[in-house]
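The values are calculated or read from the model by the stated rules, or taken from the named source; none is laboratory data. Nothing here was measured: the structure is a model prediction, and the numbers come from that model. Ideal geometry is used to build each Cβ from the backbone, glycine not excepted, and the neighbour counts take in all protein chains shown. These accessible areas exclude ligands, DNA and RNA; they are computed on the full protein's heavy atoms, side chains included. Shrake-Rupley method; radii C 1.70, N 1.55, O 1.52, S 1.80 Å.
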Amino acid sequence: MSRLSSQICNQISSVFSNPTDPYPPTLDLLVTELTGVSRRGARVFLHGVGREGLMLKAFAMRLFHLGLSSHLVSDMTTPPISSPDLLIASAGPGGFSTVDAICSVAKSAGAKVVLITAQPETGSCVKHATDVCYVPAQTMASDGGGATEKGERPLLPMGSVYEGALFVLFEMVVYKLGEVLGESPESIRCRHTNLE
């Protein structure tokens, strides 16, 4: 179990060794944008589909714990987005029709749109983005149909590398953003729900 977990963690962490040029460093971009949201009293909205969406839900929760007004696009209580706000959307393979539509609406409402993707050159969502966070990881669009060169079963299938990288990226953002905002472990913990 230890060997397999190390192999999986190493495959995910190797994503962060890949160059992101000409795009800005993803961690720095997200921390800067979210610091701006906090300082101007704006809101952050998050959207993704499938397992990417699950990673964004976890991220939204931690942003709330850090004191930001964070909302998931699909929630019943999500307010309207407007010009001081930020939408963070993920489209690992570069585009999904629903993500395209959400990004377009947010842009039309005057919000900033940060797109996280592994396919910035070919994706349809990029045209709506104010900024692009390039996460150079395998997605379902680039996994070669599931078989390795030797015909072996892949360690992480389909978009698992990208989705795992999102989780790690978001934990790095939470750590750095907490430092920038001066949030203590106690202040973060006090915002955790007691309705469990």
Search result, residues across region 33-64 that are among the aromatic types (Phe, Trp, Tyr) and over 18 Å from GLY92 (Cβ atoms): PHE45, PHE64
Hits in region 34-74 - residues which are among the hydroxyl-bearing types (Ser, Thr, Tyr) and open to solvent by less than 70 Å² (accessible area, probe 1.4 Å): THR35, SER38, SER69, SER70
Checking THR130 against (1) open to solvent by less than 50 Å² (accessible area, probe 1.4 Å); (2) out of contact with any Cys (no Cβ under 7 Å at 6 or more places or on another chain), which test does it fail? (1)
Scanning region 1-33 for residues that are of a type in the set (Ser, Thr, Tyr), over 18 Å from the mean Cα position of the chain (by Cα) and either surrounded by 10 or more Cβ atoms within 10 Å (Cβ to Cβ) or modelled with pLDDT of 95 or more (or both) gives SER6
Does region 79-97 hold any residues that are open to solvent by 40 Å² or more (accessible area, probe 1.4 Å) and under 16 Å from the mean Cα position of the chain (by Cα), and which are they? PHE96
Could you give me the residue pairs with C-beta distances under 8 Å whose first residue belongs to region 104-123 and is open to solvent by less than 40 Å² (accessible area, probe 1.4 Å), whose second residue is among the polar types (S, T, N, Q) and not in a loop (DSSP other than H, G, I, E, B) wherever it lies, and which are 6+ apart or on separate chains? LEU115/SER90; ILE116/THR26; ILE116/SER90; THR117/SER90; ALA118/SER142; GLY123/THR117
Any residue at all in region 154-161 that is in a helix (DSSP H, G or I) and not charged (D, E, K, R)? yes
